[in-house]
1. Any residue in the range 117-137 that's over 11 Å from Met158 (Cα atoms) and without any contact (Cβ under 8 Å) to a residue 12 or more places away in the chain: show its pairings with residues that are open to solvent by 20 Å² or more (accessible area, probe 1.4 Å) and part of a loop (DSSP other than H, G, I, E, B) at Cβ separation under 6 Å, as long as the two are six or more apart or on different chains.
2. Going through the range 56-93 one residue at a time, which ones are over 22 Å from Lys4 (Cβ atoms) and more than 15 Å from the ligand (Cβ to nearest atom)?
3. If I filter the range 187-202 for residues that are on the phi > 0 side of the Ramachandran plot and of a type outside the set (Lys, Arg), do I get at least one hit?
4. Scan the range 206-258 for residues that are assigned to a loop (DSSP other than H, G, I, E, B), of a type in the set (Gly, Ala, Ser) and either within 9 Å of the ligand (Cβ to nearest atom) or more than 30 Å from Arg38 (Cα to Cα) (or both) and report the count.
5. Which numbered condition in (1) open to solvent by 40 Å² or more (accessible area, probe 1.4 Å); (2) touching a Leu at 6+ places or on another chain (Cβ under 8 Å); (3) of a type outside the set (A, V, I, L, M, F, W, C); (4) touching a residue at least 60 places away in the same chain (Cβ under 8 Å) is the only one that Asn259 fails?
6. So which strands (runs of 3 or more DSSP E) stay within the range 129-194 end to end and still have 1 or more residues that are away from the ligand (no atom under 16 Å from the Cβ) and loosely packed, with under 15 Cβ neighbours inside 10 Å?
7. Please work out if Phe196 is aromatic (Phe, Trp, Tyr) and under 23 Å from Cys81 (Cβ atoms).
8. Identify, from the list Asp57, Asp14, the residue that is under 24 Å from Val116 (Cβ atoms) and either more than 21 Å from the chain's Cα centre (by Cα) or modelled with pLDDT under 95 (or both).
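The values are calculated or read from the model by the stated rules, or taken from the named source; none is laboratory data. Keep in mind it's a predicted model, so treat the numbers as computed, not measured. In this analysis, Cβ positions are derived from the backbone assuming ideal geometry, glycine residues included, and neighbour counts consider all displayed protein chains. Quick note on the areas: whole protein, heavy atoms, side chains included, nothing else; ligands and nucleic acids left out. Shrake-Rupley method; radii C 1.70, N 1.55, O 1.52, S 1.80 Å.
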Amino acid sequence: MRLKFTKMHGLGNDFMVIDGVTQSVELSPERIERWADRHFGIGFDQLLLVEPPTRPDRDFRYRIFNADGSEVENCGNGARCFARFVVDHNLIHADRICVETAGGDLELIIQDDGQVTVDMGRPRLAPEKIPFLADERALLYPLTTEDGTQLDVAAVSMGNPHCVIRVDSVDTAPVETLGPELEEHERFPQRVNVGFLEVVDRTHARLRVFERGVGETLACGTGACAAIVAGHINGWFDDRVHIALRGGTLLIEWPGEGNVLMTGPVETVFEGVVG
Ligand SMILES: N[C@H](CCC[C@H](N)C(=O)O)C(=O)O
């Protein structure tokens, strides 16, 4: 099965993007995991699959698979690459693209400067929607780690689950140790993406993310959205925030209700064939 793909990234969060509209694609967790390997395979954080829509009001179905082969509900950096991909591969001729994902509907808007704005939909804060085990909704939840440390964390879904921890500095945040521990924490029954948030001021933030099913990535779009939502409901941010991740900066806009908008760059690295 020779399969054409495109290698892309959003702020260093990198993807294997596959056209499943004009190609017949057979995926398995094992095949995805092998392709994701940065030594024995192609190497990527996520695989993005473009499919025909299942609903008449959508242009495409957008499917996302983590490097460990797990299929997930959303990927923000990937959504920007998705928009660029479908236009560059003549699957659509538009600058506003409507997609369906397992985590909800997204609108992708290609800007004149080449950046892409994604309407990421509404954040979900009810514990059962995240999912997160808690008796009731709260701005911050006490969470005990294996060594007995008590953390105050925010829990937000952008279609996919996020745990956000405020830290004094992302440079000294315990991403390598606390990230994998919280990813598998029992109170997140579908595992979780773990964000370490530094509040610089009311319009600037810094973030590192240990991603579910991948590990630390250079950027996480849904993680950036979740971090700004968590900060906004706790009174730390205004409605427009520039958030710096290791791979670069995103603009997140959220007035405290309604949909979250994320704007950032896209890069195509190379075209390839596998199989
Ligand atoms: N690891 C995430 C999916 C990719 C999210 C990230 N790459 C983004 O840009 O939003 C999860 O398991 O929910």
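1. Ala126/Arg137
2. Answer for the range 56-93, where residues must be over 22 Å from Lys4 (Cβ atoms) and more than 15 Å from the ligand (Cβ to nearest atom): Pro56, Asp57, Arg58.
3. no
4. Initial filter on the range 206-258 (assigned to a loop (DSSP other than H, G, I, E, B)): 212-214, 218-220, 234-239, 246-247, 254-258.
Remaining after also requiring of a type in the set (Gly, Ala, Ser): 213, 219, 235, 247, 256, 258.
This time we only want the ones that are either within 9 Å of the ligand (Cβ to nearest atom) or more than 30 Å from Arg38 (Cα to Cα) (or both), so: 213, 219, 235, 256, 258.
Matching residues across the range 206-258 total 5.
5. Only one criterion in (1) open to solvent by 40 Å² or more (accessible area, probe 1.4 Å); (2) touching a Leu at 6+ places or on another chain (Cβ under 8 Å); (3) of a type outside the set (A, V, I, L, M, F, W, C); (4) touching a residue at least 60 places away in the same chain (Cβ under 8 Å) is unmet by Asn259, namely (2).
6. 141-144, 150-157
7. Against the criterion (aromatic (Phe, Trp, Tyr) and under 23 Å from Cys81 (Cβ atoms)), Phe196 does not qualify.
8. Values: Asp14 fails: either more than 21 Å from the chain's Cα centre (by Cα) or modelled with pLDDT under 95 (or both).
Going through Asp57, Asp14 in turn, the sole match is Asp57.
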